[in-house]
Amino acid sequence: MSTRDGWIRAPTLPARWRSALLLVPLLVLDVGVFLVPMGYLLRLSFTAQTPDGAFVEGSWATDGYQYVFETGLVHDVFGFTLGFGVLVTALSVAIGTAYAYAAWQATGWTKTVLLSGAVLSLFTTMVVKLFAVVLVFSPRGVVNDLLTGLGVVAEPLLLIDNLTGAVLAQLYIVVPYAILSVYAVLSTLDRGLVEAALDLGATRQRAAREVVLPHARPGIAVAGVVSFTWSVGAYAGPLLLGSGSEQTTGVLISRLLLTRFDWPAAAALSVVTIVVVFAVLLAALWRLGGDGGLLDA
Amino acid sequence: MRERALRWLFRGAVGLSFAFLALPLVLVVATAFDASGSVVFPPEQLSLAWFLQFPGEPLWVRSVANSLVVATGTMGVSTAVGTAAALAVRRLGGRRRTAVVGLAVLPLLVPGVVIGITMLTFFSRFGLQQSYLALVIAHSLWATPLTFSVMQATFSRFDWRLHEAARDLGAGPTRAFATVVVPNVRAGLVVAALVAFVVSLQEFVIALFLTGPDTRTVPVQAWNSLRQGLDPLVSVVSTILIVAVTLLIVVAGVLVGLDRLAADT
């Protein structure tokens, strides 16, 4: 790129100013209405609690953090949320990678059908997906009708209003993202490489393992990051399809804010959640060898 | 022999994943056509009764209008911001590029609930917490990384020598951009705009916190009625949403190919 621009005409100052100017809207949006509100949230987390609702304007206190670190309920919720996040991420990455690989290998109609399934699901609002999950997996739903009808099980399985339900619901939300982030990377892989491996005597599984998987790694990393972030922040899925014991930090945060009017605690719990999410992501990135390609995807 | 068995096992697993991914949506559509209104599958008697009742429900009609307003606003803001940023980043290299991309992607890494309550507390300082403006801005935060990525991919496929040629022949920067670049990247622009529109249309968690009775979008309205039990009108509105999104995907798919749509966003 630089040879193209640079060869014909050396980059001039006005052009550089122009590109700086083009960045202004993005900076205004991301700094003005994202970083600044996040800063405000951080400030809010250090205000004093008050029984009259919301928080004490202009005060400095650590009430919120004390609540987060000293309440047994919060520890339980955090533990559950992290475990839930890891479980959903593992399943989502496995399903996403297999599906993306199948879509990449497929040709013609099969490819179109597989890709449209993923894209349609990605762009369907999660409320509709959760509604669909209720219809499919409830005790009188399609899956149970099918299983009892075929005589596989005698009694309908309890698949919603418990952990299974919460996990299923969350999978419906994150799996499409996982599929498409792996697919995006796979679509840049030269098929010739796989054919070469096959010609040289590798079995299909070996070619998939030693040629396709290493290439797909950045996509798999993105799938993991997205699945994990969204599952740790899960809200609607566990709320609608879990039971009371599938409480995530997201559910607790909203309850603190909206029904207990304890803004400092809600803000502190949000800050801690963000810190934990980023810490886990950084650790994972570091383990994966500082994958610089992650941000480009 | 073992290899073949494994391959069939793999195909079975993928087929099952596809069925679980796509069929529930078909099911939702089917329940909308049931006469009884008890939301069961398969429908006992086909009827359009619930579709006919839908326009008479002021809450639902209002939510459709709200969704369209917010999605249109988000489409405008994030297509403009994403396109500008993609143009700017083209000239940046290395670290600065990573920094800009990182900043754009950052909001996607923060859980929706946290963004929702942050926006709620922040905007309520200015009395904007239930306004269209707040929701458009919040949705743009999530849609912009996608429009940015689509436009980046689009611009990287454009032959910038054409632009240079126009400039060398005496066109000003604005004219060269409008008459040479835009017609060539039109498909990409339309896809970016559609993606932004759909992202806003389907976003739920942020909207749940940032909307009030007058600004409730369709997903929030559907959620409220789902919390009270299964409602056939939810099937109807879901069907409308699924059909609308399918049409938009078909349009985008025809414009740039499904393969690119799946890879770029």
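Quick notes
- Leading residue at positive end of dipole, chain A (Cβ point charges), from A:189, A:253, A:270: A:189
- Among B:23, B:208, a tally of other beta-carbon atoms within 10 Å of each Cβ gives an order, fewest to most, of B:23, B:208.
- Cut-off under 5 Å, modelled amide H: who pairs with residue A:54 long-range: A:263
- Ranking A:279, B:146, B:73 by Cα position along the charge dipole of the protein assembly as shown, where only Lys, Arg, Asp and Glu carry charges on their C-beta atoms, puts B:146 farthest toward the positive end.
- Segment A:71-181 gives an Rg/Rh value of 1.04, both radii derived from C-alpha positions and Rh following Kirkwood.
- Shielding by partners for peptide A:69-80, expressed as the average number of C-beta atoms from other protein chains within 10 Å of each residue's C-beta, is 0.
- For residue B:34, the residues whose modelled amide H falls within less than 5 Å of its own, excluding neighbours fewer than 5 places apart on the same chain, are B:47.
- The largest-to-smallest principal axis extents of the Cα set in chain B are 69, 68, 33 Å.
- Per residue, the average separation of C-alpha pairs within less than 8 Å and at least 6 apart gives chain B a relative contact order of 29 percent.
- For B:21-31, mean number of other protein chain Cβ atoms within 10 Å: 6
- Calculated FRET value between residue A:285 and residue A:255, using beta carbons and R₀ = 45 Å, to 0.05: 0.90
- Qualifying chymotrypsin sites (Phe, Trp or Tyr not before Pro) for segment B:61-167 [loop in DSSP, other Cβ within 10 Å: at most 10]: B:126
- log10 of Debye I(q)/I(0), alpha-carbon scatterers only, for chain A at 0.15 Å⁻¹: -1.25
- Segment A:19-82 versus segment A:171-236: alpha-carbon centroid distance in Å: 35
- Among B:78, B:67, the order by Cβ neighbours within 10 angstrom, fewest to most, reads B:67, B:78.
- Volume of the convex hull of the protein assembly as shown (Cα atoms only), normalised per residue: 181 Å³.
- Looking at segment A:107-185, the trypsin sites (Lys or Arg not before Pro) that sit in a DSSP loop and have at most 15 other Cβ atoms within 10 Å of their own Cβ are A:140.
- Charged side chains reduced to their Cβ positions (Lys and Arg at +1, Asp and Glu at -1) give segment B:52-264 a dipole of some 700 debye around its Cα centre.
- Global geometry of segment A:128-263, whether rounded, prolate or oblate, following the gyration tensor of its Cα atoms and the 1.5 cut on a/c: oblate
- Nitroxide proxy distance, nm - points 7 Å out along Cα→Cβ at residue A:187 and residue B:244: 2.5
- The HN-Hα couplings worked out from phi for segment B:101-114 by the Karplus form 6.51 cos²θ - 1.76 cosθ + 1.60 (θ = phi - 60°) are 4, x, 5, 5, 7, 3, x, 6, 8, 9, x, x, 4, 5 Hz, whole numbers, x standing for Gly and Pro.
- Entry note: segment B:129-179 has Rg to Rh equal to 1.25, where both radii use alpha-carbon atoms and Rh is the Kirkwood radius.
- This ranking places B:218, B:110, B:181 by how few other beta-carbon atoms lie within 10 Å of each, fewest first, which gives B:181, B:110, B:218.
- On full extension, the segment bounded by residue A:213 and residue A:86 gains 43.6 nm, given 0.36 nm per residue less the C-alpha separation.
- Spin-label model distance (nm) - residue A:50 vs residue B:162, 7 Å beyond Cα toward Cβ: 6.1
- For segment A:137-147, the Karplus equation 6.51 cos²θ - 1.76 cosθ + 1.60, evaluated at θ = phi - 60°, returns couplings of 9, 5, x, 9, x, 5, 4, 5, 4, 5, 5 Hz by residue, with Gly and Pro reported as x.
- Taken one residue at a time, the phi angles of segment A:81-90 give Karplus couplings (6.51, -1.76, 1.60, θ = phi - 60°) of 4, 5, x, 4, x, 5, 4, 5, 4, 4 Hz. Gly and Pro are set to x.
- Extension gain for residue A:35-residue A:200 works out to 54.1 nm (0.36 nm per residue, less the C-alpha to C-alpha distance).
- Taking every alpha-carbon pair under 8 Å whose residues sit at least 6 apart, segment A:65-296 reaches a relative contact order of 28 percent.
- Dipole of segment A:65-296, positive direction: furthest Cα of A:202, A:147, A:89, with charges on the beta-carbon: A:202
- Peptide A:165-175 has a mean of 1 when you count, residue by residue, the C-beta atoms of other protein chains within 10 Å of its C-beta.
- Taking all Cα pairs closer than 8 Å and separated by 6 or more residues, the relative contact order of segment B:17-122 comes to 11 percent.
- Rounded to the nearest 20 debye, the dipole size of segment A:65-296 about its Cα centre is 260 debye, using +1 on the Cβ of Lys and Arg and -1 on the Cβ of Asp and Glu.
- Applying both filters, DSSP loop and at most 14 other Cβ atoms within 10 Å, to the chymotrypsin sites (Phe, Trp or Tyr not before Pro) of segment A:60-102 gives A:60.
- Residue A:59 paired with residue A:71, simple spin-label distance in nm, labels 7 Å along Cα-to-beta-carbon: 1.6
- Volume per residue for segment A:10-134 equals 273 cubic angstrom (convex hull of Cα atoms).
Every number in this text was worked out from the coordinates using simple rules, so none of it is lab data. This structure is a prediction, so every number in the text was calculated from the model and none was measured. Note that we place each Cβ from the backbone using ideal geometry, even for glycine, and neighbour counts take in every protein chain shown.
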